[in-house]
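Working notes, beginning with the structure itself.
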Amino acid sequence: MAMATMMISRMMSLSPSSSSPASSSSTPLASQSLSAPSSRSSPTNLPLRTIPGTHGWPLVGPISDRLDYFWFQGQDTFFRSRMEKHKSTVFRTNVPPSFPFFLRVNPNVIAIVDCKSFAHLFDMEIVEKKDVLVGDFMPSVNFTGNSRVCAYLDTSEPKHAQLKNFAMDILKRGSKVWVTELIGNLDKFFDTIESDISKNGSSTYLSHLQKFIFNFLCKSLVGADPAVDADIANSATFTLDIWLALQLLPTTPIRVIQPLEEIFLHSYTYPFALVSGGYQKLYNFVEQHGKDVVQRGEKEFGLSKSDSIHNLLFVLGFNAYGGFSIFLPTLLAKIASDKTGLQARLREEVRKTSGSTATRLSFDSLKDMELVNSVVYETLRLNPPVALQYARARKDFQLTSHDSIFNIEKGELLCGYQPLAMRDGKIFDDPETFKPDRFVGNGKDLLSYLFWSNGPQTGSPSESNKQCAAKDYVTQSASLILARMFQRYDSISGDSSKITAIEKAK
Ligand code: HEM
């Protein structure tokens, strides 16, 4: 279990820690007037530049880059060092998986690591997103019932609209119980932490957190209570951790047990058979207890029953459970380890707007919690839970960075590394620093440059784009978690795996 959890928490890579910003500039755009990012607002006076970098010799280039990426440098240094070497935020490189057992995967990409270039990845007229969720490599469709689920479909495929609308409908339907389920299950999570601390002096919370995430999402998205099936209640999070890890291992840096990782974890794909029993139990559970949602998929969105269930499971297990399992430990760690007085400021804002533990929270309560919301946005900026976004050029086009224009050819794979793009010094003042108030007041203008959801935070997910269907649910849920935390506690101490002390609200 610990192994699976570790794989998941690293599956799309956590926060970078080293220093230099994506682009340094003495005058960030943040202090100038800002307009929404657009891939087509190219000033004509920028120089046309050949994309620097190389894919190297066949086989040798990809293997050398793979070893740097997974072993010698790690993901963050891999992208930073190449950006510095080429003095460019757009460059050619290879990303794993690659030779010897991934013969049909092409590791050649054009890396993009500044905010302005990154915005091209959202322009569905110039890029396509077919089967590139995690790069040129695509996990076997056996993991999703032999069906290509929503996240792998391009917007030009008619089924994308059907499935995206289904996902947004699930959320809309779930919104009626979302806050109640979130707060109810969060309270159980906090009760467990309190009991662990009183028994053992601290609480190693990841497995408790994953239970909370799964239970609240299952009730909200599937309309089913895991408690009605003891087997699901006990084993669902373990099954999902393994299911996620098996799909993502070939692309996931771990950097704990090299060279064994290179030999055993990054050299071939693992078969679905290893998790098929557990996945089938989840399928049966959704079929039996999520009938209303599954039938909506069939009747309102023209899906087959099995497509409805496999897509529901992907949204629940991969998008939602996977995403929150990476994001929430980072958020909790940020708050629980803070020594700057941020907790006192958050507590004051929450209590001023929402009173004590007895006051019911709602999405509306968040309107007056500017600092709480800003802390959530700033955590997502510095630690985007999905670090890499890929897109393939739909046609030849010109990509504009802050200082150059590059010719991109139809079919080339663009690989956006978000942790660097979100530290772009031309957009964000003091980009490496966690500034809790960054998005307060006029700082809200910067939301059009916050890209964790595969689109600007000011954008709207729709059938015509590939932005996360739950863009607002994710940020609002995180804000509600912080609000509830400071309704219950005066202070909380810990890190991304342990809570060591809590002081109840007086
Ligand atoms: C912290 C939690 C979450 C994170 C970090 C996250 C992140 C993302 C990202 C980055 C993408 C775009 C991937 C790409 O194309 O490169 C995406 C897509 C998607 N997400 Fe989320 N997500 C989260 C939660 C959720 C939830 C709760 C749902 C529930 C409905 C959801 C549904 C989707 C769907 C359906 C797509 C595919 C959109 C499309 O194909 O047009 N996500 N998510």
May I ask you to verify whether SER308 is buried (at least 17 other Cβ atoms within 10 Å of the Cβ), of a type in the set (S, T, N, Q) and either modelled with pLDDT of 95 or more or under 23 Å from SER453 (Cα atoms) (or both)?
yes
Taking the stretch 122-151, which residues are among the hydrophobic types (A, V, I, L, M, F, W, C) and within 14 Å of the ligand (Cβ to nearest atom)?
PHE122, MET124, VAL127, VAL132, LEU133, VAL134, PHE137, MET138, VAL149, CYS150, ALA151
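Here is a yes/no grid of residues against (1) away from the ligand (no atom under 11 Å from the Cβ); (2) touching a Ser or Thr at 6+ places or on another chain (Cβ under 9 Å); (3) modelled with pLDDT under 95:
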{"residue": "LYS159", "(1), (2), (3)": "no, no, no"}
{"residue": "GLN162", "(1), (2), (3)": "yes, no, no"}
{"residue": "PHE166", "(1), (2), (3)": "no, yes, no"}
{"residue": "LYS172", "(1), (2), (3)": "no, no, no"}
{"residue": "SER195", "(1), (2), (3)": "yes, yes, no"}
Some residue of the stretch 344-355 being acidic (Asp, Glu), modelled with pLDDT of 95 or more and within 14 Å of the ligand (Cβ to nearest atom)
no
Being of a type in the set (Gly, Ala, Ser) and within 12 Å of the ligand (Cβ to nearest atom) is the filter here; which residues of the stretch 447-456 pass it?
SER453, GLY455
Go through LEU248, LEU332 for me and flag whichever is within 22 Å of LEU209 (Cα to Cα), within 16 Å of the ligand (Cβ to nearest atom) and in contact with a Gly (Cβ under 8 Å, 6 or more places away or on another chain).
LEU332
Is the stretch 301-314 home to any residue that is closer than 14 Å to PHE166 by Cβ and without any contact (Cβ under 8 Å) to a residue 12 or more places away in the chain?
yes
Within the stretch 281-301, count every residue that is within 24 Å of ALA230 (Cα to Cα) and touching a Lys or Arg at 6+ places or on another chain (Cβ under 8 Å).
3
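Yes/no matrix, rows are residues, columns are (1) under 19 Å from GLU412 (Cα atoms); (2) without any contact (Cβ under 8 Å) to a residue 24 or more places away in the chain:
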| position | (1), (2) |
| --- | --- |
| LEU48 | yes, no |
| PRO52 | yes, no |
| LEU59 | yes, no |
| PHE78 | no, yes |
| VAL95 | yes, no |
| PHE99 | no, no |
| ILE110 | yes, no |
| PHE137 | yes, no |
| SER147 | no, no |
Hand me the list of helices (runs of 4 or more DSSP H) wholly inside the stretch 246-321 holding 3 or more residues that are under 25 Å from the mean Cα position of the chain (by Cα).
276-289, 305-314
Of everything in the stretch 125-175 that's within 18 Å of SER304 (Cα to Cα) and of a type in the set (Gly, Ala, Ser), which residue is surrounded by the fewest Cβ atoms within 10 Å (Cβ to Cβ)?
ALA161
Considering only the stretch 356-381, how many residues are more than 16 Å from the ligand (Cβ to nearest atom) and under 18 Å from LEU186 (Cα atoms)?
10
Scanning the stretch 55-66 residue by residue, those touching a helix residue (DSSP H, G or I) at 6+ places or on another chain (Cβ under 7 Å) and modelled with pLDDT of 90 or more turn out to be HIS55
Please determine whether any residue of the stretch 457-473 is closer than 30 Å to GLU194 by Cα, among the hydroxyl-bearing types (Ser, Thr, Tyr), buried (at least 18 other Cβ atoms within 10 Å of the Cβ) and within 12 Å of the ligand (Cβ to nearest atom).
yes
Within the set of pairs 6+ apart or on separate chains, which have a first residue in the stretch 451-474 that is under 12 Å from TYR377 (Cα atoms), a second that is charged (D, E, K, R) and near the ligand (Cβ under 6 Å from one of its atoms), and C-beta atoms under 6 Å apart?
none
From the options LYS435, LYS444, residue that is more than 8 Å from the ligand (Cβ to nearest atom), outside any loop (DSSP other than H, G, I, E, B), modelled with pLDDT of 95 or more and out of contact with any His (no Cβ under 6 Å at 6 or more places or on another chain)
LYS444
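The values are calculated or read from the model by the stated rules, or taken from the named source; none is laboratory data. Computed from a predicted structure; not experimentally measured. Cβ: placed from backbone, ideal geometry, glycine included. Neighbour counts: every protein chain shown.
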